[in-house]
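The structure under discussion appears below in the form of structure tokens.
No value in this document is a laboratory result; all are computed from the given coordinates. All values derive from a computational prediction rather than experimental measurement. Heads up, the Cβs are rebuilt from the backbone with ideal geometry, glycines too, and the neighbour counts pull from every protein chain shown.
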Amino acid sequence: MRFIDSNVFLHAFLVPRRALTSEEQFVKDEAKKIVKRVEEGEEVVMSTVHLSEIINIVESGVGLQKSFRFLAWIIACNNIAVRSVSLRDYEAAFPLAKENDVSVNDALAYSFMIDEGVREIYSFDSHFDNFKDIKRLPNLPMRVRNNRVKT
């Protein structure tokens, strides 16, 4: 099982308002491939925080009804585990965020992964590379990593 970061769904589902660079299009295509694997039954896990990030951005970007459809799909998928997050989880993640120069939500994902024995994450966020005991997928070509595609 792998953790799946919110940016995978966002890259896959959101419709850009401008032409994408070749690097951005590459990331979008990779995100769609990951989502297709999930749609076909690959087991993944996320937290309620990461789910909320997706729903909020989908709602503001493409509308309330699409955010409802996305949430209904997540609820119906037996292969997507969604784990609850408590204040205690944030208390554990906060020092990790500061020590590793990442956002608190990234540290929360990492902390959850370690607790659950998950060692791989689907994400386009290079901050996860700061954690040496997990592996971020997909492994992007150097041209994409160097251009730091925004997530």
Sort 82-91, 125-134 by packing, meaning the average of other beta carbons within 10 Å per residue, with the highest value first.
125-134, 82-91
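Between residue 17 and residue 72, how high is the FRET efficiency from 1/(1 + (r/R0)^6) when r is the Cβ-Cβ distance and R₀ = 35 Å? Nearest 0.05.
For residue 17 and residue 72, the calculated efficiency is 0.85.
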Per the Kirkwood treatment, what hydrodynamic radius in Å, one decimal, follows for segment 1-122 from the mean inverse distance over all distinct Cα pairs?
15.2 Å
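Would you mind computing Rg(Cα) / (2.2 N^0.38 Å) for segment 21-87, counting N as its residues? Write down the numbers at each step before the final one.
Working: Rg = 13.2 Å, N = 67, 2.2 N^0.38 = 10.9 Å.
My calculation over the Cα atoms of segment 21-87 gives 1.21.
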Among the aspartates and glutamates, which fall within straight-line cross-link reach of residue 66, defined as a Cα-Cα distance under 15 Å, with same-chain neighbours fewer than 8 residues apart omitted?
53
Length gained, residue 116-residue 39, 0.36 nm per residue minus C-alpha separation, equals 25.5 nm
Evaluate E = 1/(1 + (r/R0)^6) for residue 79 and residue 132, where r is the Cβ-Cβ distance and R0 equals 35 Å; express this FRET efficiency to the nearest 0.05.
0.80
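Could you list 1, 46 so that the one with the fewest beta carbons within 10 Å of its beta carbon is first and the one with the most is last? Could you put the intermediate results ahead of the total?
On the way: 1 15, 46 25.
With the sparsest Cβ surroundings first, the list reads 1, 46.
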Amide H neighbours of residue 135 under 5 Å, at least 5 residues apart or on other chains, H built in the peptide plane: list them.
120, 121
Dipole magnitude of the chain about its Cα centre (Cβ charges: Lys, Arg +1; Asp, Glu -1), debye to nearest 20:
560 debye
So which lysines pass the test for residue 36, namely a Cα distance under 16 Å, with those fewer than 8 places away in the same chain ruled out?
28
With the contact rule set at Cα under 8 Å and sequence spacing of 6 or more, what percent relative contact order holds for the chain?
30 percent
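Rounded if a/c is under 1.5, else prolate if a/b is larger than b/c, else oblate: which is segment 79-139, with a ≥ b ≥ c the root eigenvalues of its Cα gyration tensor?
Numbers: a/c = 1.86, a/b = 1.11, b/c = 1.68.
Note, shape of segment 79-139 comes out oblate.
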Neighbour-count ranking for 124, 26 (other C-beta within 10 angstrom, fewest to most) reads 26, 124
